[in-house]
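The values are calculated or read from the model by the stated rules, or taken from the named source; none is laboratory data. None of the values given here were measured: they were computed from a predicted structure. Note: ideal-geometry Cβ built from the backbone for every residue, glycine included; neighbour counts use all protein chains shown. SASA here: full protein model, heavy atoms, side chains in, ligands and nucleic acids out. Shrake-Rupley method; radii C 1.70, N 1.55, O 1.52, S 1.80 Å.
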Amino acid sequence: MSYTVADLIVETIEAAGVQRVYGIPGDSLNGFTDSLREHPRVGWQHVRHEEAAAFAASAEASMTDSLAVCAGSCGPGNLHLINGLYDAHRSRVPVLAIAAQVPGAVVGTGYFQETHPESIFAECSAYCETVNTVDQLPYVLDIAIRTAVEQRGVSVLVIPGELFLTEFERPDRVARIRAAQSVVRPSEESLAIAAAQLNECDRVTILAGAGVQGAHDELVAFADALQAPIVHALRGKEFVEYDNPYDVGMTGLLGFSSGYRAVEHCDTLVMVGTDFPYSQFLPSDAYVMQLDIRGNQIGRRTRVDLPLVGSAHDTLPALTALINPDRDGKHASKSLDHYRRTRASLDDLATPSDPGDPVHPQYLTRLVSDAADADAVFVPDVGSPVVWASRYLKMNGRRRLIGSFSHGSMANALSQAIGVASACPDRQVVALAGDGGLSMLFGELLTLVQAKLPVKVVVYNNSSLNFVELEMKAAGFLTFGTDLENPDFARVADAIGVRGFRAIDSQDLAQTVEDFLAYDGPALLDVRTARQELSIPPSISAAQAKGFALYALRTVMSGRGDELLDLAETNLLKRLF
């Protein structure tokens with residue numbers, strides 16, 4: 001049998017640990033998919049939209065910390081990958097994208113479906129190259145994979161369709177490319193300077209993000225030595241808040257007032273493994289030190305007085321050993337007291353609504369969290385589902401929280417759940433989908449059926465682009481263009497082979513959630529949730545307050561005062577009585 005370029009690619013990604021490729025077949029990709037057919041140890045995970053393929057690969061890479069692969073045919077096929085690849089690249093997870101190209105001889109002629117992927121994908125990749133010759137392929141392929149796993153980003157290979165079928169001399173062996181293990185920490189001098197500063201300060205606050213993955217115990221020990229509260233960014237939630245006596249919640253647009261205050265009142269802020277984007281939630285006059293394994297990440301959001309390049313796992317123990325004992329714990333104590341009050345206030349909102357009224361999304365999320373498996377993987381859509389997930393899902397060190405938290409794309413929940421369920425078939429996967437996000441890539445429910453993936457899809461059905469409406473209100477705009485005319489999602493799900501459940505109010509919702517999560521196979525729970533539920537950020541700016549007042553005035557003047565009454569009833573009256 002002949003050995004082709006496609007065979008070399010498939011055997012190389014298999015040696016790198018890849019078990020499946022996400023995508024949709026197409027003529028320019030046929031040589032590659034045919035090779036996959038001949039190499040069954042690398043599966044072909046067919047989806048209904050290439051955007052979902054890239055999102056699925058991003059989620060698999062997030063879960064496994066290993067290379068994941070997606071593929072698209074020439075022109076429109078691989079262009080659909082771009083949104084998911086942006087997500088993977090901004091989430092810093094290793095993904096290889098195979099972008100098939102029109103025949104090499106006609107590139108530059110305006111040929112049918114011709115595009116230039118090497119330009120299009122340049123911004124969302126760490127490495128993007130077109131393969132023009134057979135001799136070039138082995139080197140470029142190895143570089144692409146190694147770049148993806150070492151830089152934790154996206155690599156894109158643009159390959160003319162005919163090249164996949166070109167015969168190639170079978171190598172004696174292919175490279176087995178994995179990320180190299182290394183120890184990364186600052187110099188002894190830098191650690192001494194950091195410790196000296198910390199030992200002189202009374203009110204130290206730690207802001208921790210996804211970079212503390214694998215260093216939970218080291219982080220808590222560091223906080224204990226400093227008597228410092230720990231605030232987490234959204235991507236740090238799953239790695240920080242469990243079994244942590246110093247956790248005071250999240251900050252940022254979705255965060256808690258307690259997290260915001262702990263940062264606001266510190267004299268020294270230690271940022272650990274976070275690229276937290278919102279500078280308005282960072283202190284303006286505190287001393288700031290930032291620890292990150294990538295030096296180019298430091299100082300992008302606020303002025304940093306002391307940069308420290310290293311991993312949290314390798315650096316924190318060395319720094320903890322230099323902290324003086326018997327530190328004053330007043331700042332931590334005040335911050336923790338504030339957190340307990342804030343947490344109690346948030347929990348008070350997670351209550352059943354009156355019979356016949358829409359469900360409070362807080363209550364729905366709490367029920368899902370309480371009933372889900374101890375090692376469940378939650379995948380919230382961007383928008384209101386991610387607000388409730390950040391506030392009401394309980395992490396325990398075994399659960400995972402995957403999402404489009406850096407790129408912020410709609411329609412990520414179901415698509416990423418496909419990647420998680422494919423890579424982790426023994427774990428419960430729960431997609432927390434907005435009605436807008438679900439309908440955007442609705443066809444991926446068919447992927448659950450075809451691939452027999454037992455994903456559980458919770459739909460927050462408020463008949464609106466809910467978070468967009470909140471943004472409009474905060475800016476003083478009348479809500480416009482945000483209405484969604486939705487079907488009965490449960491009935492649609494039943495029609496396509498996904499078990500449908502539906503709840504229109506809080507009555508018997510707890511039992512419905514348990515039955516839904518216990519179903520053996522893909523299932524969808526359509527819940528009518530309150531449209532006017534407000535998700536208040538931890539700090540309200542003067543501009544936001546002015547904008548909301550302007551929205552209220554415009555609403556009344558436009559004859560839509562009933563919307564204000566509904567808003568008040570949902571968020572105030574039910575809390576009082």
task = Run the quick spin-label model on Asp27 and Asp505: label points 7 Å from Cα toward the beta carbon, then report their separation in nm to one decimal.
result = 5.8 nm
key: Solvent exposure, largest accessible area first (probe 1.4 Å, DNA, RNA and ligands not counted), of Ser415, Ser2   = Ser2, Ser415
query = Under the classification rounded if a/c is under 1.5, otherwise prolate if a/b is larger than b/c and oblate if not, where does region 258-346 fall, given a ≥ b ≥ c as square roots of the Cα gyration tensor eigenvalues?
reply = oblate
inquiry  = I need the calculated FRET efficiency for the pair Asp488 and Asp202, taking r as the beta carbon distance and R₀ as 56 Å, to the nearest 0.05.
reply    = 0.45
request  = Work out the charge dipole of the chain with +1 on the Cβ of Lys and Arg and -1 on the Cβ of Asp and Glu about the Cα centre, then indicate which of Leu441, Val288, Tyr519 is farthest towards its positive end.
outcome  = Val288
ask   = What is the magnitude of the charge dipole of the chain about its Cα centre, with +1 placed on the Cβ of each Lys and Arg, -1 on the Cβ of each Asp and Glu, and no other charges, expressed in debye to the nearest 20?
value = 840 debye
message = Return the Rg/Rh ratio of region 80-164 with Cα-based radii and a Kirkwood Rh.
response = 0.98
ask   = Where does the charge balance sit around His49 when Lys and Arg score +1, Asp and Glu -1, over other residues with C-beta under 15 Å from its C-beta?
value = -3
request  = Once you have all Cα-Cα distances for region 290-410, histogram them in 10 Å bins from zero and send the whole-percent values.
outcome  = 10, 23, 33, 25, 7, 2
task = Specify, per residue and in Å³, the volume enclosed by the convex hull of the alpha carbon atoms belonging to region 142-210.
result = 145 Å³
ask   = Amide H to amide H under 5 Å from Thr529: which residues, 5+ apart in sequence or cross-chain, H placed 1.01 Å off N in plane?
value = Val359, Asn461, Asn462
key: Backbone N within region 113-143 under 19 Å of label point (7 Å from Glu167 Cα along the Cβ vector)   = 133-138
query = In the P(r) worked out for region 336-393, what percent of Cα pairs fall beyond 13 Å?
reply = 65 percent
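How long are the three semi-axes of the equivalent ellipsoid for the chain, computed from the Cα gyration tensor as the root of 5 times each eigenvalue, in whole Å, largest first?
They are 40, 33, 21 Å, listed from largest to smallest.
Please tell me which of these pairs span more than 28 angstrom C-alpha to C-alpha: Lys330/Lys473; Lys237/Lys456; Lys237/Lys452; Lys334/Lys394?
Over 28 Å apart, Cα to Cα: Lys330/Lys473; Lys237/Lys452.
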query = Okay, which of region 448-486 sit inside 15 Å, backbone N to the point 7 Å along the Cα-Cβ direction of Tyr278?
reply = 467-468, 470-472, 474-475
query = Given the alpha-carbon gyration tensor of region 256-301, what are the semi-axes of its equivalent ellipsoid in whole angstrom, ordered largest first, with each equal to the square root of 5 times an eigenvalue?
reply = 19, 11, 9
note = Of the residues Ala225, Ala411, Ile98, the Cα lying farthest along the dipole of the chain towards its positive end, which is defined by charges on the beta carbon of Lys, Arg, Asp and Glu, belongs to Ala225
message = Place a point 7 Å from Cα of Ala374 in the direction of its Cβ. Which residues in region 390-423 have their backbone N less than 20 Å from it?
response = 393-401
query = Rounded to the nearest 0.05, what FRET efficiency is calculated for Ala180 and Asp267 with R0 set to 35 Å and r the Cβ-Cβ distance?
reply = 0.35
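How much of the pair distance distribution for region 89-244 lies past 22 Å, counting alpha-carbon pairs only, in percent?
61 percent
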request  = In vacuum, with every alpha carbon of region 175-238 counted as one equal point scatterer, what does the Debye formula give for log10 I(q)/I(0) at q = 0.13 Å⁻¹? Two decimals, please.
outcome  = -0.48
inquiry  = At a threshold of 8 angstrom on Cα-Cα distance, excluding pairs fewer than six apart, so keeping six or more, what relative contact order does region 1-71 reach in percent?
reply    = 39 percent
query = Percent of accessible area on region 389-529 owned by carbon and sulfur, 1.4 Å probe?
reply = 51 percent
request  = Find which of Val382, Cys266, Gly236 sits farthest along the positive direction of the dipole of the chain, computed with +1 on the beta-carbon of Lys and Arg, -1 on that of Asp and Glu, about the Cα centre.
outcome  = Cys266
Isotropic mean projected area of the C-alpha convex hull, region 167-274 (nm²) = 11.3 nm²
ask   = For the chain, with every protein chain kept in place, what is the accessible area per residue (1.4 Å probe, Å²)?
value = 41 Å²
remark   = So, with points 7 Å from each Cα along the Cβ direction, the Arg300-Val449 label distance in nm works out to 4.1 nm
ask   = So how strong a dipole does region 1-114 carry about its Cα centre when Lys and Arg Cβ are +1 and Asp and Glu Cβ are -1, to the nearest 20 debye?
value = 200 debye
task = Go through 129-141, 107-119, 514-526 and give me the packing order, highest mean Cβ count within 10 Å leading.
result = 514-526, 129-141, 107-119
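Do you know the relative contact order of region 1-136, to the nearest whole percent, from alpha carbon pairs under 8 angstrom that are 6+ apart?
Numbers: 226 pairs, mean separation 29.8, N = 136.
Relative contact order for region 1-136 comes out at 22 percent.
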ask   = If you place +1 on the Cβ of every Lys and Arg and -1 on the Cβ of every Asp and Glu, how big does the dipole about the Cα centre of region 256-339 come out, in debye to the nearest 20?
value = 180 debye
